[in-house]
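To keep things clear, I will list the structure first and then write my remarks on it.
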Amino acid sequence: EPEVTQTPSHQVTQMGQEVILRCVPISNHLYFYWYRQILGQKVEFLVSFYNNEISEKSEIFDDQFSVERPDGSNFTLKIRSTKLEDSAMYFCASSEGLAGDFGPGTRLLVL
Amino acid sequence: AQTVTQSQPEMSVQEAETVTLSCTYDTSESDYYLFWYKQPPSRQMILVIRQEAYKQQNATENRFSVNFQKAAKSFSLKISDSQLGDAAMYFCAYRSGRGGSEKLVFGKGTKLTVNP
């Protein structure tokens, strides 16, 4: 069964550094998402992407965040200058339009 | 904005017994979708069950079923014959039926413990 994959599984970075989180959505899905989950808290929506552009973004998704679909398979989330509060689990998801199939997540730790 | 409330931070159940997890939501929309996701200790998000608001019949997936009360804006999850592998965080989620808004809005979750 096809699944969403994410790399890396864990990322440790210094505050102020740039990180890129990578995702490979399910191939026939049209909608792509990034969510984050700070430890012990609920899953929060960051951004959705459809037809090669952002379709919706949350207040969390400020200028330090960007998304890109550089080729036909990858979907990336870039955090330009990481802050301590960016430490969280980042989930990529894709869907044909209803629910979302989630990837296993990238655990980001900002020191 | 839509909100999802899970009033039970933690629940426990004996193996083989039945447990019900509560979820309420607030929306002014008539077309929407509701979901339950399971998050085991691995932190993977796994879709358990989905309900379309326009369907009166409650969704069922094997041992998992929902009680969807549209007027009350309630969407509870019933797990029958609980198994040790059901132990996890369970998140209720809402998705608008409006085009251009496909994001999921999650509740804070309920931690389910299954006792042998």
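The values are calculated or read from the model by the stated rules, or taken from the named source; none is laboratory data. Predicted model, so just to flag it, every value in this text is computed and none were measured. Counting neighbours? That spans all protein chains shown, and the Cβs are built from the backbone with ideal geometry, glycine included.
Considering region A:30-46 alone, what residues qualify as being among the aliphatic types (A, V, I, L, M) and exposed (fewer than 12 other Cβ atoms within 10 Å of the Cβ)?
A:L39
Pick from A:F65, A:F32, A:F49: which is within 24 Å of B:Y37 (Cβ to Cβ) and modelled with pLDDT of 95 or more?
It is A:F65.
Can you name every residue in region B:1-31 that is over 13 Å from the mean Cα position of the chain (by Cα) and either crowded, with 20+ Cβ neighbours inside 10 Å or β-branched (V, I, T) (or both)?
B:T3, B:V13, B:T18, B:T27
Would you pick out the residues in region A:1-29 that are surrounded by 12 or more Cβ atoms within 10 Å (Cβ to Cβ), within 14 Å of the chain's Cα centre (by Cα) and under 16 Å from A:G103 (Cα atoms)?
A:V4, A:T5, A:Q6, A:T7, A:P8, A:Q11, A:I20, A:L21, A:R22, A:C23, A:V24, A:P25
So, in region B:52-66, of the ones that are under 19 Å from B:M89 (Cα atoms) and buried (at least 16 other Cβ atoms within 10 Å of the Cβ), which residue ends up farthest from the other protein chains (Cβ to nearest Cβ)?
Residue satisfying both the conditions and the ranking: B:S65.
For residues in region B:1-29 being in contact with a Gly (Cβ under 9 Å, 6 or more places away or on another chain) and closer than 20 Å to A:E56 by Cβ, which is farthest from the other protein chains (Cβ to nearest Cβ)?
Checked region B:1-29; the qualifying residue farthest from the other protein chains (Cβ to nearest Cβ) is B:E29.
If I ask for residues that are buried (at least 23 other Cβ atoms within 10 Å of the Cβ), in contact with a Leu (Cβ under 9 Å, 6 or more places away or on another chain) and of a type in the set (A, V, I, L, M), which ones from region B:93-116 would you list?
Hit for region B:93-116 is B:A93, nothing else.
For region B:32-51: of the residues being over 14 Å from the mean Cα position of the chain (by Cα) and of a type in the set (S, T, N, Q), which is surrounded by the most Cβ atoms within 10 Å (Cβ to Cβ)?
Per the criteria, the residue is B:Q44.
Can you tell me which residue is nearest to the other protein chains (Cβ to nearest Cβ) among those in region A:47-85 that are under 18 Å from A:C23 (Cα atoms) and buried (at least 19 other Cβ atoms within 10 Å of the Cβ)?
Per the stated criteria, the residue is A:S48.
Has region A:7-30 got at least one residue that is part of a strand (DSSP E or B), within 12 Å of chain B (Cβ to nearest Cβ) and in contact (Cβ under 8 Å) with a residue 12 or more places away in the chain?
Looking for residues that are part of a strand (DSSP E or B), within 12 Å of chain B (Cβ to nearest Cβ) and in contact (Cβ under 8 Å) with a residue 12 or more places away in the chain, one finds at least one in region A:7-30, hence yes.
Here is a check on your reading of the model: is A:E1 within 25 Å of B:Q51 (Cβ to Cβ) and away from every other protein chain (no Cβ under 11 Å)?
yes
Quick one: which strands (runs of 3 or more DSSP E) sit completely within region A:34-111 and have at least 1 residues that are closer than 20 Å to A:E3 by Cβ, polar (S, T, N, Q) and under 14 Å from the mean Cα position of the chain (by Cα)?
By residue number, A:43-50, A:75-79, A:88-95, A:106-110.
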